[in-house]
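Trainee: One structure, pasted below without further comment.
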Amino acid sequence: RLGRLDSVRPTLLALYRTSCVRRDEMGQAVLLNLLLRNYLHYNLIEQAHTLSMRASFPESASNNQFCRYLYYMGRVQAIQLNYPEAYQRLNMAARKAPPGTAAGFSRDVHKLIVLVQLLMGDVPERGLFNQPELRQALQPYYALTLAVRNGDVMLFNKVMEEHHTAFVADKTQTLVSRLGHNVLKTGLRKISVSYSRVSLADIAEKLHLPSAAAAEYICAKAIHDGVIEAKIDHENGCLSSHEVLDLYSTEEPQRAFHK
């Protein structure tokens, strides 16, 4: 309550060592969660990751402590760009959370789940935002989802500005800012599908980029990552999209079904 969590960290570490020596698994679970929360409070992500690698969570711990551990580790993995692992842990935390209670915990978990899904390139189901207990809390994240799905850079910037306070309060501002690249990729994908040949200057105008050179860089990155099938004509300053192939003649449906 006094905001001096850093001063208690050595005590928590000493207590955790003692609980390990005494094989006090309940104490290990509680203290490990307190240490992870302490590191995350000060944005010490690398230290939290190192602790999680060296300290294993006891299997006999209570379900509530395990939910907290999954949530903390999901946040750490998301910040470290390990989105699939973060998504798996956060979903487990949401499923294992006690029903009918811990409403605030459930809201925090689902906020991170939405962001991690968007960062992976997936779109969360609309039903998630319509749940009565989550509707108001997830309103800023629903607006983000619409902006990312439509590839609308202007709408994304507007949502960032309008809900900046909420994102800072939720400590998700870092993850939200990463979504700008996803918005650009979605917008670029729509342009490449709509036009077989389009100038880089027009792409810069449609995506609200500062110059054609910036558009060329983003197009090259998207081609390299396999976001679009196209090639850049540097001499004429334009982007030429490849002819859309019949997906059912490739192995793509098989890979999607396997995933």
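The values are calculated or read from the model by the stated rules, or taken from the named source; none is laboratory data. If you're wondering where the values come from, they're calculated on a predicted model, not measured in any experiment. All Cβ positions, glycine included, derive from the backbone under ideal geometry; neighbour counts span all protein chains shown. The area values use the complete protein model at the heavy-atom level, side chains included, leaving out ligands, DNA and RNA. Shrake-Rupley method; radii C 1.70, N 1.55, O 1.52, S 1.80 Å.
Trainee: Among the GluC sites (Glu not before Pro) within the stretch 84-154, which fall in a DSSP loop and have no more than 14 other Cβ atoms within 10 Å of their own Cβ?
Mentor: Values: sites: Glu85, Glu125, Glu133; in loops: Glu125, Glu133.
For GluC sites (Glu not before Pro) across the stretch 84-154 that sit outside H, G, I, E and B with at most 14 neighbouring Cβ atoms in 10 Å, the list reads Glu125, Glu133.
Trainee: PRE reach from Asp122 (point 7 Å along Cα→Cβ): which of the stretch 79-96 fall under 16 Å by backbone N?
Mentor: Only 82-96 pass the distance filter.
Trainee: Calculate the FRET efficiency for Ala220 and Tyr42 from the Cβ-Cβ distance with a Förster distance of 45 Å, rounded to the nearest 0.05. Walk me through the intermediate numbers first.
Mentor: Values: r = 38 Å, r/R0 = 0.85.
Given R0 = 45 Å and the Cβ-Cβ separation, E is 0.75.
Trainee: In degrees between 0 and 90, to the nearest 10, how far off the longest principal axis of the chain does helix 173-194 point, with axes built from Cα atoms?
Mentor: Rounded to the nearest ten degrees, it is 30.
Trainee: Okay, moving on. Per residue, how much accessible area does the chain show when a 1.4 Å probe rolls over the protein heavy atoms, in square angstrom?
Mentor: Numbers: 15450 Å² over 259 residues.
With the other protein chains kept in place, the chain gives 60 Å² per residue.
Trainee: Pop the C-beta distance of Arg197 and Glu85 into the FRET formula with R0 = 30 Å and round what comes out to the nearest 0.05.
Mentor: Numbers: r = 41 Å, r/R0 = 1.35.
The pair Arg197/Glu85 has a calculated efficiency of 0.15.
Trainee: With each label point set 7 Å from Cα along the Cα-Cβ vector, what nm distance links Arg107 and Lys190?
Mentor: It is 3.1 nm.
Trainee: Oh, and also: Between rounded, prolate and oblate, where does the stretch 121-259 land on the alpha carbon gyration tensor, with a ≥ b ≥ c its root eigenvalues, rounded for a/c under 1.5, else prolate if a/b exceeds b/c? Each step should come with its number before you reach the end.
Mentor: Working: a/c = 2.74, a/b = 1.42, b/c = 1.93.
Since a/c reaches 1.5 but b/c is at least a/b, the shape of the stretch 121-259 is classed as oblate.
Trainee: If you don't mind, another one. Just grab the label-to-label distance for Leu146 and Met26, each label 7 Å out from Cα along the Cβ direction, in nm (one decimal).
Mentor: 4.9
Trainee: Fully extended, how many nm does the chain gain between Glu161 and Asp6 (0.36 nm per residue separation, minus their Cα-Cα distance)?
Mentor: Values: separation 155, 0.36 × 155 = 55.80 nm, distance 3.17 nm.
Taking 0.36 nm per residue and subtracting the Cα distance, the gain is 52.6 nm.
Trainee: Let me ask something else. In degrees from 0 to 90, rounded to the nearest 10, what is the angle of the helix 153-162 Cα long axis to the longest principal axis of the chain?
Mentor: 30
Trainee: Now for a separate question. Given the options Val148, Val123, Val193, which has the most mean-square fluctuation in a GNM of the chain, springs set between C-alpha atoms less than 10 angstrom apart?
Mentor: Comparing Val148, Val123, Val193 in a Gaussian network model of the chain, the most mobile one is Val193.
Trainee: Within the chain, what whole-number % of the accessible surface is contributed by carbon and sulfur, with the 1.4 Å probe and all protein chains included in the calculation? Let's see the in-between values first.
Mentor: Values: 8110 of 15450 Å².
Exposed carbon and sulfur together represent 53 percent of the surface.
Trainee: Could you work out the helix-only [θ] at 222 nm for the chain, with each DSSP H run of four or more residues adding -39,500 (n - 2.57) and the total divided by the number of residues, to the nearest 500 deg cm²/dmol?
Mentor: On the way: 14 runs with 174 residues, N = 259.
The helix contribution divided over the chain gives -21000 deg cm²/dmol.
Trainee: If a/c stays under 1.5 just call it rounded; otherwise compare a/b with b/c (prolate if a/b is bigger, oblate if not). Do that for the stretch 86-135, with a ≥ b ≥ c from the square roots of the Cα gyration tensor eigenvalues. Walk me through the intermediate numbers first.
Mentor: Values: a/c = 2.32, a/b = 1.33, b/c = 1.74.
Oblate, since a/c reaches 1.5 and b/c is not below a/b.
Trainee: Which of Leu118, Leu179, Leu31 ends up with the largest GNM mean-square fluctuation for the chain, with Cα atoms connected below 10 Å?
Mentor: Leu31
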